[in-house]
Amino acid sequence: MEKFTTLTSLAMPLDRANVDTDQIIPKQFLKRVERTGYGDFLFFDWRQTPEGKPVAAFVLNDPRYKGAQILVAGKNFACGSSREHAAWALSDFGFRVVIAPTFADIFFSNAGKNGIVLARLSEAQVATLLNNAQTIPGYKLTVSLEEQTVIDSRGFKASFEVDPFRKYCLLEGLDDIGLTLRHAAELDAFEAKHDEAGWLRAK
Amino acid sequence: MSSEPKTLFEKVWEQHVVVEPKGEPTVLYIDLQLLHEVTSPQAFEGLRLAGRKVRRPDRSVATVDHNIPTTLEGRLHIVDQIAAKQMTALRKNCADFGIELFDVNSPDQGVVHVVGPELGFTKPGMTIVCGDSHTSTHGAFGALAFGIGTSEVEHVLATQTLPQSTPKTFRISVEGELQHGVTAKDIILAIIGKIGTDGATGCVIEYAGSAIRSLSMEGRMTVCNMSIEAGARAGMIAPDATTFAYLKGRRHSPKGAEWEQAVAEWSKLTTDPGAKFDRELVIDGSTLEPYVSWGTSPGMVAPITAKVPDPAAAATEIERNGFKRALEYMGLKAGTPLEEVSIDRVFIGSCTNGRIEDMRAAARVARGYKVSTHVNAMVVPGSHAVKEQAEAEGLDRIFREAGFEWREPGCSMCLAMNPDVLAPGERCASTSNRNFEGRQGRDSRTHLVSPEMAAAAAIAGHFVDIRTWKVNELATPEVKA
Ligand code: SF4
């Protein structure tokens, strides 16, 4: 996993609430067996007409935001399906940070596993950022994971909460399985005892 | 053991804590992982790349469901090569790593959340995961069951554990007697409508109260299934006599003396009097009605007697825009009575409502009627076992005679990854769980309802209040309800 420390980038405004993972990456792209190459399909049905023409009004197609690595969205971002493909698509497209008032639980964990930083700000702060990104040309934000802050060059400053352990993993780019296996001895002992509980056996 | 009163969730959680490293998430032991073709290939690939093995192949089981065609011909010759590749990958992965698979031709194949309980894999007190958000279904047995992403699937394959931070607890009690025609589906749609699609984010819900207790296991699974639609991590219902009666004699249920011991253990899995929840909500079940979703999020629901709501009523600007966008997408005008909304398609099936009881309920409504001439309706049993049972009871005949298509088991039009897809603009009464934009095909319009409401809509050609439906009783009853 790629490490994350600080990022300064254009901010792309997606002023919709309850954006579900079916929109982030529609099902027809879940048939692939690879982990990469999903960026082209990000928000596919919002980006293209059924005939395959780009939808000019959709923010991902707006040249003003080309190269943005920070996405700002409404509450309950990435609700619905557990598909990690949503995180893969966002990351493959180039996003390293999503800022929203709230995120759905499963996505929260999927994003972390793919080095995407999720910054929860208040509804009012997000509204400000959405408005700035829509109205100020070349509007950039700086996200510092170390400091847990989102700032712009005009005096906006907000801080966000991160679980200390998640922060550490993101900063170091750590692999979760390796981390769990540090507890192999405890796991062996637990499992031997747990297996005796016949009523919890799978088969 | 401390004498502090505990919730059902806390009891199950505590039995699975491997280690609680300071400043880190708890390492939680996972009793059972369910696998399917769509969210597992990258996980197995990850294992291979890291040279890791599956720690406990006996604690995983796999089936094909998401991609699979639901016609016999379609299953013999899968034309979608990418989908076929995914199924081949699962076959190879299960063979290489020693995991039991219910393949296309297996009599045990079906939707993962239908098969797990049916075969007795799902048991009270277990921790269960699957790379699928509707894993919450299994909470109906008093298991802690939740959906995970593919990296987590890999994590569980490799370690049989997951690092987890402790969720909050939320008890929703539905008390009183449900009106005739109001089902488990209506309970959960009402709850989501009330608390919103992020109303239970970060929480494990325990469903309690007399209306929940009176539900069958099928009904309880329907309720727990859609917990995720309220944003919850999981939904749980304490096991009781109904649970044990369902489990007894299933293939992987304990037998003999082990059964007695298991029931004794499972019986302890109730919330102690006085145990504290982070949140509580009490709903008067007798006031619930049959519901229909009108928008593009499962929280956008209204009673069948209501009208399509006006966006002006929304609380915030972003919500108002969401409402407007939803109505535009759904091709609906504010103020239209829901009963006047006419439909093109009907889908009865999915892990929400594809079980035998759902088939019986829909057949009871359909019996002796004909599907409206402008409607195409299909019934897709959740598993082979459901299909066989339904056929043994003659339900398939009732459906076919009424003009419904009777299909092979799979996820089908719940997410339309297989050939069962709505055409753009088509409006569907669906017993599934999600009405997101494009869920059942690009520009498809989904309305979530109970199986009874879906069957009635198929016949009437528009939504109807099931409470006013006239059931055709048979002189010699062929269907045991
Ligand atoms: S039936 Fe629908 S919700 Fe259930 S597992 Fe299949 S796709 Fe997912």
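The values are calculated or read from the model by the stated rules, or taken from the named source; none is laboratory data. Just so we're clear, the structure is a prediction, and the values are computed from it rather than from any experiment. Don't worry about glycine lacking a Cβ; one is built from the backbone with ideal geometry, like all the others, and counts go over all protein chains shown. Side chains are part of the model used for accessible areas, which takes the heavy atoms of the whole protein and leaves out ligands, DNA and RNA. Shrake-Rupley method; radii C 1.70, N 1.55, O 1.52, S 1.80 Å.
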- request: Please name all residue pairs, on different chains or six or more residues apart, with Cβ atoms under 8 Å, provided the first residue is in segment A:44-67 and is under 21 Å from B:ALA423 (Cα atoms) and in the same structural domain as A:ILE25 (by TED's automatic domain parsing) and the second residue is assigned to a helix (DSSP H, G or I) and aromatic (Phe, Trp, Tyr).
  value: A:PHE44/A:PHE29; A:VAL55/A:TRP46
query: buried (at least 24 other Cβ atoms within 10 Å of the Cβ), within 26 Å of A:GLN48 (Cα to Cα), within 16 Å of the ligand (Cβ to nearest atom) and more than 14 Å from chain A (Cβ to nearest Cβ), is that true of B:CYS428?
result: yes
- line: The strands (runs of 3 or more DSSP E) lying entirely within segment B:230-315 that contain at least 1 residues which are in contact (Cβ under 8 Å) with a residue 60 or more places away in the chain and of a type in the set (Gly, Ala, Ser) are B:234-236, B:291-293, B:301-303
- request: Would you check if there is a residue in segment B:136-158 being facing another protein chain (nearest Cβ under 9 Å), more than 14 Å from the ligand (Cβ to nearest atom), under 21 Å from A:ARG182 (Cβ atoms) and in contact with a Gly (Cβ under 6 Å, 6 or more places away or on another chain)?
  value: yes
statement: Filtering helices (runs of 4 or more DSSP H) wholly in segment B:1-104 for at least 2 residues that are closer than 25 Å to A:LEU181 by Cα and among the aromatic types (Phe, Trp, Tyr) gives none
message: Quick check on my filter: what residues within segment B:87-107 are modelled with pLDDT of 95 or more and over 16 Å from B:ALA43 (Cβ atoms)?
response: B:GLU100, B:PHE102
query: Would you say B:GLY131 is within 12 Å of another protein chain (Cβ to nearest Cβ), open to solvent by less than 10 Å² (accessible area, probe 1.4 Å), more than 15 Å from the ligand (Cβ to nearest atom) and not aliphatic (A, V, I, L, M)?
result: no
Single residue of A:GLU147, A:GLU123 found to be within 9 Å of chain B (Cβ to nearest Cβ) and either at pLDDT 95 or above or surrounded by fewer than 19 Cβ atoms within 10 Å (Cβ to Cβ) (or both): A:GLU123
message: Just the residues that are away from the ligand (no atom under 16 Å from the Cβ), under 17 Å from B:GLY354 (Cα atoms) and crowded, with 19+ Cβ neighbours inside 10 Å, please, taken from segment B:398-407.
response: B:ILE398, B:PHE399, B:PHE404, B:TRP406
task: Taking B:GLY181 as meeting all but one of (1) small (Gly, Ala, Ser); (2) touching a Cys at 6+ places or on another chain (Cβ under 9 Å); (3) more than 13 Å from chain A (Cβ to nearest Cβ), write down the number of the exception.
output: (2)
message: Tally up the residues in segment B:408-423 that are away from the ligand (no atom under 13 Å from the Cβ) and farther than 20 Å from A:THR21 by Cα, please.
response: 3
